[in-house]
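The values are calculated or read from the model by the stated rules, or taken from the named source; none is laboratory data. Note that the structure is predicted; figures quoted are calculated from it, not measured. Cβ coordinates were reconstructed from backbone atoms using ideal geometry, including for glycine residues, and neighbour counts include every protein chain displayed.
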Amino acid sequence: MKINSICRNIIFKLILILFFFYNSAYSQNLDKFYEKIDLFSEVLEKINDEYVDEIDQSEIMDSAINGVLQSLDPYSSYMNPEIFKEMQTETSGEFGGLGIEVTMEAGVVKVITPIDDTPASKAGVKAGDYIVRIDGEQVQGKSLMEAVNLMRGPVDSYIEITIRRKGSAKAKIFKIKREIIEIKSVAAKLIENEIGYLRLRAFNENSDDQLKKEISKLQKNKNLSGYIFDLRNNPGGLLSQAVTISDFFLNDGEIVSTKGRRSRENRKFFANKGDKINGKPLIVLINNGSASASEIVAGALQDQKRAILLGERTFGKGSVQSIIPLKNRGAIRLTISKYYLPSGKSISEIGVSPDIIVEESENDFVINTDTDNQLNYAIKLLNG
């Protein structure tokens, strides 16, 4: 059976989109461009005629669109109407998750960070782990959204994920129970009656207000000598929150800039006068799970020489994505600009390097406990 006229029409529209999208590249060599159109159509016909199983043409086209976006970078992707609707709907209690922030790398799912006090974190999943199987099903060849959907399921149901970890020869298998994921953005405590410890788990809409309240509570202690700001395993969030929270610790200077193809995406953000911790010593804890907005804050405070960064190199997600709705009620997630630190450095693929490298201690390491050697090092540093 030949590809029907509807499918041909879809292909033609997709090719037109690609043409205009890559106009500057293809306008110089239209012959090669049209050769690619013919090749694309021929491949689809061969698949339709000769593939071992019956195919869903709609799914094939979704995959083709997603493939175009994924070829740009790991963070751009296509969401069909069902997936886009799920993304817009707040968790109702029907489905549970593992509590991990993920991306796609080399065809498998890479963990950006496990979120504190979630099933994944408690099970021992770490930032930088690669998920290669989900309930025995290979991840290779699936889109990020398809893999994420496999990890979703009813609350209290179990899932088995197979992980590859750098430095470990054997794959690790985790059996994890899904839960409703609720993230408390800010935690704080007083250490040794003189050090203010602030932990930020995500950059949500009200993170700045929560953080401001916790700083005010800590400042009631007159013996306060310095602060530790913990951004480890913080996957990021809102750019506006990253700017506001950076400003908490700065009196002036640039915080971050964004640059894109369109002039409206080229912006610079600066600090206002008023350091909320009154210039007291500040150590920022970072690791491979610190991404995006976390990297903006850490990088700005480092570049402005306001804080010492301690821990491990950050993840390296230095780009801004926009959700763009489509006529079919689906949407695309598209990278529209990149972050640049005050020094002019890009965070993308590089991350932010700590001033003092302290790697996690093996096996028994748990953030913000007695086994947390990075936190213990920061405490000793502030104590002189």
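Summary of values
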item: Looking only at segment 305-347, and only at residues there that are surrounded by fewer than 17 Cβ atoms within 10 Å (Cβ to Cβ) and among the polar types (S, T, N, Q), the one that is farthest from residue 294 (Cα to Cα); result: 328
item: Close pairs (8 angstrom Cβ cut-off, 6 or more residues apart or separate chains): in the same structural domain as residue 269 (by TED's automatic domain parsing) and farther than 18 Å from residue 323 by Cβ in segment 238-252, surrounded by fewer than 21 Cβ atoms within 10 Å (Cβ to Cβ) and β-branched (Val, Ile, Thr) anywhere; result: 248/215; 248/277; 249/277
item: Answer from 301, 285 - the residue that is under 15 Å from residue 198 (Cβ atoms) and part of a helix (DSSP H, G or I); result: 301
item: Among residues of segment 249-276, those that are closer than 21 Å to residue 214 by Cα and surrounded by 19 or more Cβ atoms within 10 Å (Cβ to Cβ), counted; result: 3
item: First in segment 206-224 and charged (D, E, K, R), second anywhere and surrounded by 17 or more Cβ atoms within 10 Å (Cβ to Cβ) and part of a helix (DSSP H, G or I), Cβ under 8 Å, 6 or more apart; result: 208/241; 208/244; 208/245; 208/248; 212/248
item: Filtered residues of segment 205-232 (kept if surrounded by fewer than 18 Cβ atoms within 10 Å (Cβ to Cβ) and of a type in the set (S, T, N, Q)); result: 206, 210, 216, 219, 221, 223, 225
item: Yes/no for residue 70 being at pLDDT 65 or above, within 29 Å of residue 338 (Cβ to Cβ) and not assigned by TED's automatic domain parsing to the domain that holds residue 140; result: yes
item: Selection count, segment 359-384, where residues are in a helix (DSSP H, G or I), of a type outside the set (Ser, Thr, Tyr) and more than 18 Å from residue 201 (Cα to Cα); result: 7
item: Tally, over segment 304-335, of residues that are assigned to a loop (DSSP other than H, G, I, E, B) and farther than 29 Å from residue 166 by Cα; result: 9
item: Qualifying residues in segment 162-217 (those that are of a type in the set (Ser, Thr, Tyr) and modelled with pLDDT of 90 or more) - the one nearest to residue 297 (Cα to Cα); result: 207
item: Test: residue in segment 141-153 that is of a type in the set (A, V, I, L, M, F, W, C), surrounded by 15 or more Cβ atoms within 10 Å (Cβ to Cβ) and closer than 14 Å to residue 125 by Cβ; result: yes
item: Pair list, Cβ under 6 Å, 6 or more apart: segment 30-49 residue not assigned by TED's automatic domain parsing to the domain that holds residue 61, other residue surrounded by fewer than 10 Cβ atoms within 10 Å (Cβ to Cβ) and at pLDDT 90 or above; result: none
item: Neighbours by Cβ (under 9 Å, 6+ apart or cross-chain): first from segment 317-331, basic (Lys, Arg); second part of a strand (DSSP E or B) and surrounded by 14 or more Cβ atoms within 10 Å (Cβ to Cβ); result: 317/103; 317/112; 317/339
item: Residue pairs meeting the criteria (Cβ under 6 Å; at least 6 apart or on separate chains; first farther than 23 Å from residue 326 by Cα and of a type in the set (A, V, I, L, M, F, W, C), in segment 79-96; second modelled with pLDDT of 80 or more and in a loop (DSSP other than H, G, I, E, B)); result: 95/152
